[in-house]
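This report concerns only the one structure given below.
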């Protein structure tokens, strides 16, 4: 199973490791081992932290003065390319990939 890490935290850890280190003092094998250790020490994050977690927002859309339709919009990206009868079956937003939580009042 893949392991997701924070790239910014990894870059900070690498910068900290290199601070004051002379690259000529470390053999290539030692450098590779050090980098692998730095990567292995990084905390794991949930993919939902990256993609986000949202919900469907149902809105009325005016077709003309006397006709309205319902549409669902992703609360994360705000995009809507489908009608509300379809979105309820989507566990993830087709546009941004955010995981959709089920509404308590649905």
**OP:** At 7 Å along the Cα-to-beta-carbon direction for both residue 58 and residue 39, put a label point, then send me their distance in nm to one decimal.
**Re:** 4.7 nm
Original post:
residue 66 to residue 4: FRET efficiency via 1/(1 + (r/R0)^6), r the Cβ-Cβ distance, R0 41 Å, to the nearest 0.05?
Top reply: 0.25
**OP:** Highest first, please rank the peptides 72-78, 90-96, 27-33, 3-9 by the mean number of other Cβ atoms sitting within 10 Å of their residues.
**Re:** 72-78, 90-96, 3-9, 27-33
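Since every read-out is calculated from the coordinates, none of them should be taken as a lab result. Being a predicted model, the structure only gives us computed values, none of them experimental. Here the Cβ is made from the backbone with ideal geometry for all residues, glycine too, and neighbour counts use every protein chain on show.
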